[in-house]
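Below you'll find the structure, written out as structure tokens, and then a few comments.
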Amino acid sequence: MSRLRVSVIVIGDEILGGFVADTNSGWLAGRLQVIGVPLDRVVTVPDEYHAIDETLATELARSRPRLVITSGGIGSTPDDLTLESVAGHLGVSMRTEAAIDERITAALEWTAQQGVTVTEGHAASMRKMARVPAPAYLLPGNEGLVPGIAVDLDGGLQACAGATIVVLPGVPGELRRIMTEGVEPALLAGRGEPQHVAEVTHGYPESTLNPVLDRLVAEYPDVHVGSYPGAQCVIRLKGDKARVEAGMELVTDYLDGLATDPGAASLLAGWRARWA
């Protein structure tokens with residue numbers, strides 16, 4: 001079976017408008033890195049049917065097996081369109097998830113007990129959160145009113161050509177709980193291939209290390225090579241432990257050579273002065 005890969009779709013006008021910072025995609029990327037499941041894409045779209053539908057089509061058309069995670073747009077307000085958009089894209093009807101509907105009933109009763117008049121409109125908007133695509137199933141970790149659900153396509157993640165859409169809330173605490181208590185044990189257990197990661201920092205301009213980086217790419221094509229500039233540049237290698245360690249030895253040997261070069265010492269001092 002091909003290696004499982006992941007796409008993340010972040011949904012929200014407030015993120016695209018710059019009013020709210022997206023912390024969910026970065027957190028998800030970190031979790032997937034630990035598990036060893038590659039994250040291919042992070043796409044941010046507005047709260048619009050067309051945008052969500054178009055992005056689902058694009059991500060589901062990528063290599064499979066694939067997990068497509070959506071974040072946001074599943075509350076009780078008019079702009080919360082994710083669940084309806086997923087159902088529309090798949091061409092399936094919506095149904096009421098009893099477990100979530102019961103919690104909503106309890107929440108409405110509590111609201112009434114506080115002396116607030118619960119109108120039919122208020123109740124209807126709340127119950128919207130219990131409406132899910134017909135084939136969907138609840139994920140563990142659902143303790144609140146906003147559900148985390150999954151829908152399998154073409155056999156789901158267990159099939160070579162399958163995919164699973166996971167719909168998660170945008171509230172970071174809710175998303176993280178459902179991801180760690182639901183998605184990871186229920187869908188990702190045993191599916192990752194954790195990679196060894198090694199890093200080294202240096203104080204030279206990034207391009208100074210280009211010769212050894214070119215050699216790394218040529219001699220270790222199976223190792224992912226990343227270089228990130230700054231006052232202290234970071235070189236990060238990911239892959240099989242033995243190959244990563246061997247590749248990192250090339251880098252450290254190159255840096256050792258620079259340390260004995262008078263010209264490199266002058267370059268280092270000049271670079272530090274520019275940042276200062």
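Values quoted throughout were computed directly from the atomic coordinates according to the rules given, and no laboratory measurement underlies them. Treat the numbers as computed from the prediction; the structure is a model and nothing was measured. Cβ atoms come from the backbone with ideal geometry, glycine included; neighbour counts cover every protein chain shown.
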Using a Förster distance of 22 Å, how high is the FRET efficiency between THR119 and ALA99, based on the Cβ-Cβ distance and rounded to 0.05? 0.35
Square roots of five times the C-alpha gyration tensor eigenvalues of region 1-141, ordered largest first and given in whole Å, equal 30, 17, 16
Using a simple charge model, +1 on the beta-carbon of Lys and Arg, -1 on the beta-carbon of Asp and Glu, nothing else, what dipole does region 1-149 show about its Cα centre, in debye to the nearest 20? 760
Dividing the alpha-carbon radius of gyration of the chain by 2.2 N^0.38 Å, where N counts its residues, gives 1.28
Please report GLU14, GLU249, GLU84, GLU120 as a ranked list, fewest other C-beta atoms within 10 angstrom at the top and most at the bottom. GLU120, GLU249, GLU14, GLU84
Which of ALA242, HIS122, THR180, positive extreme of dipole for the chain (C-beta unit charges): ALA242
For region 5-188, what proportion of DSSP beta bridges, expressed in % and rounded to the nearest 5, is antiparallel? 35
Applied in sequence order to region 90-97, the curve 6.51 cos²θ - 1.76 cosθ + 1.60 (Karplus, θ = phi - 60°) yields integer Hz couplings, x standing for Gly and Pro, of 7, x, 10, 7, 9, 9, 8, 7
Vicinal HN-Hα couplings computed from phi for region 247-262 (Karplus, 6.51 cos²θ - 1.76 cosθ + 1.60; Hz; Gly/Pro x): x, 5, 4, 4, 5, 5, 5, 5, 5, 4, x, 5, 5, 9, 9, x
Can you tell which of PRO65, TYR137, LEU108 lies farthest toward the positive end of the dipole of region 5-188, using +1 and -1 charges on the Cβ of basic and acidic side chains (Lys, Arg; Asp, Glu)? PRO65
Determine the relative contact order of the chain: mean sequence separation of Cα pairs under 8 Å and six or more apart, normalised by residue count, in whole percent. 16
Other residues with Cβ under 11 Å from the Cβ of ILE69 give, with Lys and Arg +1 and Asp and Glu -1, a net charge of +2
So between GLU181 and TYR49, what do we pick up on full extension, going 0.36 nm a residue minus the alpha carbon distance? 44.6 nm
Listed by chain and number, the residues whose amide H is under 5 Å from that of ILE69, excluding neighbours fewer than 5 places away on the same chain and using placed H, are SER7, VAL8, ILE9, VAL166
Dipole in debye (nearest 20) - region 196-275, about Cα centre, beta carbon charges: Lys, Arg +1; Asp, Glu -1: 320
Can you pull the percent of Cα pairs in region 36-99 with separation above 20 Å? 32
ALA134 and GLU14 label points (each 7 Å along its Cα→Cβ direction) are spaced in nm at 3.3
Amide H partners (placed H, <5 Å) of GLY148, local residues excluded: LEU139
Applied in sequence order to region 51-68, the curve 6.51 cos²θ - 1.76 cosθ + 1.60 (Karplus, θ = phi - 60°) yields integer Hz couplings, x standing for Gly and Pro, of 5, 5, 4, 4, 6, 4, 4, 5, 6, 6, 7, 6, 4, 10, x, 9, 10, 10
